[in-house]
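Taking it in order: structure first as structure tokens, then the write-up.
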Amino acid sequence: MNSKEFLLQECENVRATLRDVLRHDYSAGSSAEFYNEFCERLAFLEYLLKPTDSDDVSALATFAGELSLLSTIVHHMERSHAGEFPWPFTEYLQSLATPLCKENLAQNEGEPIIRVYAEGGLDSYQINLENDLSQLNIGRRIFTIVFPRTLRHHVLLHAIFGHEIGHAAWTIPKHKADLMDKVLKPLRAAGPLNSTSQATAWLGNDPGAPGPIVDLRNQDPDSTQIDGNKLNSWFQEFMCDLFGLVTFGGSFLAAHQTLLLALDPTGHRWGPYHPPYICRKAVLWRACKHLKWDELPASLHEPGLRADVVAFMNSYSGTTAPGRWEDVFTQDQVAAAVEALRTFLSAAGTSCFNMPDESTLSSLVGMLTNHIPPCGSDLSGAASPVNRGVDFRHILFAGWLVAEKLTTPSGSVKQGLTFDQLNRLCELGLRQQRAIDLYNSTKKGQTS
Amino acid sequence: MSALVKKTILESIAKGHLVVSPIISAKQIGASSIDLRLGNVFLMVRARGLSDVDPGRFAHSDETAGDHAFHQARRQKHERFEAPFGQKFLLHPGMLALVPTLEWIKLPADLQGIVTARSSWAREGLSIATASLIHPGYKGIVTLELANLGQIPLVLYPGLRIAQIAFYTLSEPAREEDMGSRFDMAFEPVEGNVAHGDEVFLP
């Protein structure tokens, strides 16, 4: 059997696997569209492969790569069980990310096909759009959402997906150009990260660096070199953090800190793709100040709620004292980037986070404190209940406000609620809200 | 012990004494009961070599990390399945499925709940008759043990009203130490411990 014959056989194998995968329950609603898209891709691949000369090793190698990629995606689909990730959260996430990832492709203007699966590892959060499948006549791109398997029910942490939406947008050429020109430009205009030489001097020699940074410099002096690729990657991270904050709000701030400090408890490490956490936190806090979220406590009338918000701010606020080593951008730079990003998202049809009104926030926090899943449920005891639409991000924000009250400094559980139970309450609240939204939208449709 | 009528149920909810959340439609509220909707998780018994109901396994095992056989048998007994709204679930004749209600229930110390099938579904062969008593002080979803007593499959969709709960006052509030169970704060169905308290009778 030569290579071409084997690849034709592999087309059959991938097709057989694709059919076999139908034994399982896919994530919501994507089975038929995924199946049809892949059948078309396989048929087109075979159409190109059959007339190819058996000695054309270059073409055969390309086809082998395409088939390998298809089989990988089919295998991931096999693991896409609705029970392994919180589907209500996924549906809300899709509503934010899909408008952004909709694009003009060769055949039609298609929304991407969503596939969701769980992966091991705390850092496995991902949103990817496939690209560079140039040999195939792509109808619709595959859009992958990956959840950490162990955090299946931890919806509060899933706010980190706001950051991943930024990476997904970056893979679309027209968005990338916009983001570089409008969002990153003000950030790159001044400061210690203005050029690779300045950035290297800042990371390697700046005397104002905190002690842990100095220790890390001494342990690995070579790592303080910042070349163009590293600097670009770091800027992409800063931009994606702003994406997260602008799309998910306060819950992103908390999820970001919780997850990143779990992966790097020092908060000072850096790598070829990621700047030190302390710098990222400083940028986020400047963005919060620009959005006036730091003024939220002063606007609240209810003392208990105000205390909750203050406690949250104390946990997640960063420094904005000018001159601190980690404070790499000015307030004006961050403000310009945030405004450009909000304009960009609005044009794409992705809604930005707005702080909930006091009554909504108070109601959601009150439900959680009373161990009731938070949603727009009418608890007034009215004979004809009027359930409200609630933004899922407000449910997450309320969850994080209550999370602040869960443990004492010694780690004992207060409120009779563990962090796991709090997440489960929020997860159930999201499901209930989906039902309310569905009912309300149908009712509206009937009356209009 | 007397049953609460609609007016009293709504007053109890308004006071925060009783919680049924969410009540999506006014149609759920009956003269002396509230309809409950089907939730999104299904736990179905899986018929295979490692599946059985053996009280002895509970009696002589604990939930320690190293107890492989105990955990394996428990996990292999049920298939867990989640259906988003709009996705159907087939309940075949003779099949048992544990499902949660969409609603979260919180009962005070002086009320208990009785859950039964809605008569329209019962007429189609749907039984949810077992474990219908909800103890005072309970909070969580209600687990419904669905069985199809008919001869043709029943197609179920999350969000459908399939059960109803009625509330009864007690002669006096239950004592704190008598309330609470291992199913308290349940977010989805879990199997029970059929050996609990009867270990002495097991080999």
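Worth pointing out:
- Residues being hydrophobic (A, V, I, L, M, F, W, C) and exposed (fewer than 14 other Cβ atoms within 10 Å of the Cβ) - total across segment A:168-188: 1
- Residues of segment B:97-129 classified as outside any strand (DSSP E or B), away from chain A (no Cβ under 14 Å), more than 19 Å from B:Pro153 (Cβ to Cβ) and touching a residue at least 24 places away in the same chain (Cβ under 8 Å), total: 2
- Residue tally, condition outside any helix (DSSP H, G or I) and either modelled with pLDDT of 95 or more or within 14 Å of another protein chain (Cβ to nearest Cβ) (or both), over segment A:395-432: 5
- Selection of segment A:303-348 for residues being out of contact with any Ser or Thr (no Cβ under 7 Å at 6 or more places or on another chain) and among the charged types (D, E, K, R) yields A:Arg306, A:Asp308, A:Arg324, A:Glu326, A:Asp332, A:Glu339, A:Arg342.
- Residue within segment A:55-64 that is within 30 Å of A:Phe161 (Cα to Cα), touching a residue at least 60 places away in the same chain (Cβ under 8 Å) and of a type in the set (S, T, N, Q) present: no
- A:His256 vs. criteria under 23 Å from A:Phe419 (Cα atoms) and not basic (Lys, Arg): yes
- Within segment B:104-149, being of a type in the set (Asp, Glu) and over 11 Å from the mean Cα position of the chain (by Cα) holds for B:Asp110, B:Glu124.
- Residue selected from segment B:23-37 under the condition more than 8 Å from every other protein chain (Cβ to nearest Cβ) and open to solvent by 30 Å² or more (accessible area, probe 1.4 Å), by the criterion nearest to B:Ala3 (Cα to Cα): B:Ser32
- Qualifying residue in segment A:264-274 (condition: within 27 Å of A:Leu179 (Cα to Cα), assigned to a helix (DSSP H, G or I), within 18 Å of the chain's Cα centre (by Cα) and not charged (D, E, K, R)): no
- Residue within segment B:38-47 that is assigned to a loop (DSSP other than H, G, I, E, B), within 14 Å of chain A (Cβ to nearest Cβ) and crowded, with 22+ Cβ neighbours inside 10 Å present: yes
- Unmet requirement for A:Arg41, which otherwise passes all of (1) away from chain B (no Cβ under 14 Å); (2) open to solvent by 50 Å² or more (accessible area, probe 1.4 Å): (2)
- Entry remark, segment A:241-299: residues being buried (at least 24 other Cβ atoms within 10 Å of the Cβ), without any contact (Cβ under 8 Å) to a residue 60 or more places away in the chain and among the β-branched types (Val, Ile, Thr) number 1 in total.
- Any hit, segment A:383-392, residues being more than 9 Å from chain B (Cβ to nearest Cβ), out of contact with any Asp or Glu (no Cβ under 9 Å at 6 or more places or on another chain), at pLDDT below 95 and not in a helix (DSSP H, G or I): no
- From B:Leu126, B:Leu202, residue being modelled with pLDDT under 90 and within 26 Å of B:Arg46 (Cβ to Cβ): B:Leu202
- Hey, A:Asn218 without any contact (Cβ under 8 Å) to a residue 12 or more places away in the chain, surrounded by fewer than 24 Cβ atoms within 10 Å (Cβ to Cβ) and in a helix (DSSP H, G or I) or not: yes
- Criterion applied to A:Ala336, A:Ala321 was being open to solvent by 20 Å² or more (accessible area, probe 1.4 Å) and at pLDDT below 95, and the one residue passing it is A:Ala321.
- Scanning segment A:44-87 for residues that are open to solvent by 10 Å² or more (accessible area, probe 1.4 Å) and in contact with a Pro (Cβ under 8 Å, 6 or more places away or on another chain) turns up nothing.
- Within segment A:259-295, the set of residues being within 24 Å of A:Gln126 (Cα to Cα) and acidic (Asp, Glu) comprises just one member, A:Asp264.
- Looking only at residues in segment B:81-95 that are assigned to a strand (DSSP E or B) and among the aromatic types (Phe, Trp, Tyr), the one that is farthest from the other protein chains (Cβ to nearest Cβ) is B:Phe89.
- When A:Val155 is tested against (1) within 14 Å of chain B (Cβ to nearest Cβ); (2) at pLDDT below 95, only condition (2) is not met.
- Selection within segment B:6-22 - part of a loop (DSSP other than H, G, I, E, B) and surrounded by 21 or more Cβ atoms within 10 Å (Cβ to Cβ): B:Leu18, B:Pro22
- Single residue of segment B:149-203 satisfying the filter (open to solvent by 50 Å² or more (accessible area, probe 1.4 Å) and of a type in the set (Phe, Trp, Tyr)) that is farthest from B:Gly94 (Cα to Cα): B:Tyr168
- Selected residue (only one of A:Asp378, A:Asp357 is over 30 Å from A:Leu187 (Cα atoms) and within 14 Å of chain B (Cβ to nearest Cβ)): A:Asp378
The values are calculated or read from the model by the stated rules, or taken from the named source; none is laboratory data. Just so it is clear, the model here is predicted, and its values are computed rather than measured. Note that we place each Cβ from the backbone using ideal geometry, even for glycine, and neighbour counts take in every protein chain shown. Heavy atoms of the whole protein, side chains included, go into the accessibility calculation; ligands, DNA and RNA do not. Shrake-Rupley method; radii C 1.70, N 1.55, O 1.52, S 1.80 Å.
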